[in-house]
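Student: First the structure, which I've put down as structure tokens, then a few questions once you've had a look.
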Amino acid sequence: MNIPALSIEPVAITHSCFTDKFGIPRQPLLADASRASLELLPPYNDPEAVAGLEQYTHLWLTWQFHQVAGQWSAKVRPPRLGGNRKMGVFATRSPFRPNNIGLSVVRLIEVRVNKASAPAKVEIIIAGADLLNGTPILDIKPYIPYADNVPDAASEFADAAPTATQVNIPNPIAEIARNYRDEWGTDLLVLVQQVLAQDPKPAYQKPDPSRIYGMELCGFNLQWCYGDGGIQVTALTPLESNVITEGNSE
């Protein structure tokens, strides 16, 4: 059987609060405070293409793991299993897939259309996305509750969200987060809590109290370490600055 090759081009590009792969929530909606903008690309940036979209609360996004394109493996090590057990790639959501395609449900916040610009600028503002900045969006569809919600669905090894890790943020660092403002209305303090509560480090890695972990988030270098009380945030520093704001638990 001759199967023709598929040619797929992005309909939008993602502008996300996550600019580094490390630390991105492993599933959508686990960090609802995260924000992203889907900017429609020509010729799909026609305002007519999003007419009626505001009727929905959630969307399905089909997208590409663009930083692992061309890489795949028949068996992978899901983080949920501690990175020590292998499963077939089609039994997981690993990015190392034959076509490197991802699927996410996100919450719709707003549809923005600027007809005054040339060409027209059409943006879809979303929450709860697990998308890296620059992720190509292949398709956008509305989430239909009566059809997409399956109450009796089951998953043997991922039947519930991971247990949240305790996150401690010293007051000076919390104040920096509270003062953050962006065009998407991100609550940076809540976002830091939600992202770190997922415990971004590899599941097979034992916490080393002497090690400082870090990730880029909303234009900041977020740093933390592990202790008996969970995660301790140690710094939240603007990326253009080399000065680290230290904090303590007092």
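The values are calculated or read from the model by the stated rules, or taken from the named source; none is laboratory data. Predicted, not measured: the structure shown is a model, and the values here were computed from it. Because the Cβ atoms are built from the backbone with ideal geometry, glycine has one as well, and the counts that use them run over all protein chains shown. The protein model used for the area step is the full one, side chains on, heavy atoms only, and it has no ligands, DNA or RNA in it. Shrake-Rupley method; radii C 1.70, N 1.55, O 1.52, S 1.80 Å.
Student: Quickly run through the range 212-250 and pick out the residues that are under 13 Å from Asn168 (Cα atoms), polar (S, T, N, Q) and either open to solvent by less than 40 Å² (accessible area, probe 1.4 Å) or modelled with pLDDT of 85 or more (or both).
Tutor: If the condition is that a residue be under 13 Å from Asn168 (Cα atoms), polar (S, T, N, Q) and either open to solvent by less than 40 Å² (accessible area, probe 1.4 Å) or modelled with pLDDT of 85 or more (or both), then Gln223, Gln232, Thr234 are the ones that fit.
Student: In the range 162-188, which residue that is in a loop (DSSP other than H, G, I, E, B) and open to solvent by 70 Å² or more (accessible area, probe 1.4 Å) is modelled with the lowest pLDDT?
Tutor: Thr163
Student: Scanning for something of a type in the set (A, V, I, L, M, F, W, C) and more than 22 Å from Glu183 (Cα to Cα), does the range 78-88 turn up at least one residue?
Tutor: yes
Student: What is the residue count in the range 17-62 for residues that are assigned to a loop (DSSP other than H, G, I, E, B) and of a type outside the set (S, T, N, Q)? Give the derivation first.
Tutor: From the range 17-62, those assigned to a loop (DSSP other than H, G, I, E, B) are 17, 19-34, 41-46, 51-52, 56-57; that's our starting set.
Keeping just the survivors that are of a type outside the set (S, T, N, Q) gives 17, 20-26, 28-33, 41-44, 46, 51-52, 56.
Number satisfying all stated conditions: 22.
Student: Right, here's the next one. Is there any pair with a first residue in the range 15-38 that is of a type in the set (Asp, Glu) and a second that is open to solvent by 60 Å² or more (accessible area, probe 1.4 Å) whose Cβ atoms are under 8 Å apart and which are 6 or more apart or on different chains, and what are they?
Tutor: Asp20/Glu216; Asp32/Arg107
Student: Would you say Leu59 is crowded, with 17+ Cβ neighbours inside 10 Å and closer than 26 Å to Leu217 by Cβ?
Tutor: yes
Student: Further question on the same structure: State whether one or more residues within the range 143-151 are under 27 Å from Gly52 (Cβ atoms) and either basic (Lys, Arg) or in contact with a strand residue (DSSP E or B) (Cβ under 6 Å, 6 or more places away or on another chain) (or both).
Tutor: yes
Student: Of the numbered conditions (1) open to solvent by less than 40 Å² (accessible area, probe 1.4 Å); (2) at pLDDT below 90, Gln71 satisfies every one except a single condition; which is it?
Tutor: (1)
Student: Also, quick follow-up: Condition first: among the acidic types (Asp, Glu) and part of a loop (DSSP other than H, G, I, E, B). Now tell me which residues in the range 119-161 satisfy that.
Tutor: Asp130, Asp152, Glu156, Asp159
Student: Name the single residue that is farthest from Ala36 (Cα to Cα) among those in the range 193-211 being open to solvent by 20 Å² or more (accessible area, probe 1.4 Å) and at pLDDT 95 or above. Even if it seems obvious, please write down each step before you answer.
Tutor: Initial filter on the range 193-211 (open to solvent by 20 Å² or more (accessible area, probe 1.4 Å)): 193-194, 198-199, 202-211.
Imposing the further condition that a residue be at pLDDT 95 or above reduces the set to 193-194.
Working: Gln193: 18, Gln194: 16 Å.
Among residues in the range 193-211 that are open to solvent by 20 Å² or more (accessible area, probe 1.4 Å) and at pLDDT 95 or above, the one farthest from Ala36 (Cα to Cα) is Gln193.
Student: Considering (1) within 15 Å of Ile101 (Cα to Cα); (2) out of contact with any strand residue (DSSP E or B) (no Cβ under 6 Å at 6 or more places or on another chain); (3) open to solvent by less than 50 Å² (accessible area, probe 1.4 Å), say which one Ala33 fails and leave the rest.
Tutor: Answer for Ala33: the failing condition is (1).
Student: So, one more: Looking at the structure I just gave you, is Glu175 acidic (Asp, Glu) and touching a Leu at 6+ places or on another chain (Cβ under 8 Å)? Outline the logic, then answer.
Tutor: Details: acidic (Asp, Glu): yes; touching a Leu at 6+ places or on another chain (Cβ under 8 Å): no.
It is false that Glu175 is acidic (Asp, Glu) and touching a Leu at 6+ places or on another chain (Cβ under 8 Å).
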